[in-house]
Amino acid sequence: MEYAQSTLDNGIEILKSHAEDTRHLIQELVEQPKPQQEVFQTVVNTALAAQERNVKFAQSMLQNGTQVLKAHAESTRDLVQTLAEQSRKQQDAFQTLARESFNTYRDFMTAPFSYYQQTLETAESAAW
C-alpha cells in the first residue's frame, strides 16, 4: 500500500512539475518574443528537464518496488519457517497423544487378564 501511495504521489508531483514548466514556457514565449534559436533552445531545455524527472521517477519506482519485493520475500520466508515449526510441534503432539491413547487402551484390555493372573497366583500360593 505504501508503495502504491508513494508511486502515486511521485507521479502527481512529476505531472505538476511538467505542467508548471509547460505553463512557464508558454508564458515566456508569449510575453518575450525571442529569436527562433533561443525559442528552440528553451523548448529543448524544458524537454530535457522533463525527461530527467521522468527517469528519476522510473528509478524511484524500481527501487521502491525492489524494496517491497525484498520485504515480501523476507516475510514469506519467516512465515514458512513459522508454519514448518508449528507443523512439527503438532506432529509431535499427535504422536504423543496416539502413543498414550494406545497405552491406555492396551492397559484397559489387559486389566481383566492381570486380575485373573493375580487370582491364579494367589490360589497357587495358598495351595503351597
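Each row is one residue, and each column tells you yes or no for (1) more than 24 Å from residue 62 (Cβ to Cβ); (2) open to solvent by 100 Å² or more (accessible area, probe 1.4 Å); (3) at pLDDT 80 or above; (4) in a helix (DSSP H, G or I).
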residue: 6; (1), (2), (3), (4): no, no, yes, yes
residue: 19; (1), (2), (3), (4): yes, no, yes, yes
residue: 27; (1), (2), (3), (4): yes, no, no, yes
residue: 30; (1), (2), (3), (4): yes, yes, no, yes
residue: 33; (1), (2), (3), (4): yes, yes, no, no
residue: 37; (1), (2), (3), (4): yes, yes, no, yes
residue: 41; (1), (2), (3), (4): yes, no, yes, yes
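Just one of the listed residues (103, 45) is closer than 30 Å to residue 16 by Cα and not hydroxyl-bearing (Ser, Thr, Tyr), and it is 45. In region 9-24, the residues that are under 15 Å from residue 42 (Cα atoms) form Cβ pairs under 6 Å with partners that are modelled with pLDDT under 85, at six or more places apart or across chains, as follows: 21/46. Of the residues making up region 23-70, those that are hydroxyl-bearing (Ser, Thr, Tyr) and either closer than 30 Å to residue 4 by Cα or over 48 Å from the mean Cα position of the chain (by Cα) (or both) are 46, 60, 66.
The values are calculated or read from the model by the stated rules, or taken from the named source; none is laboratory data. Treat the numbers as computed from the prediction; the structure is a model and nothing was measured. Cβ coordinates were reconstructed from backbone atoms using ideal geometry, including for glycine residues, and neighbour counts include every protein chain displayed. Side chains are part of the model used for accessible areas, which takes the heavy atoms of the whole protein and leaves out ligands, DNA and RNA. Shrake-Rupley method; radii C 1.70, N 1.55, O 1.52, S 1.80 Å.
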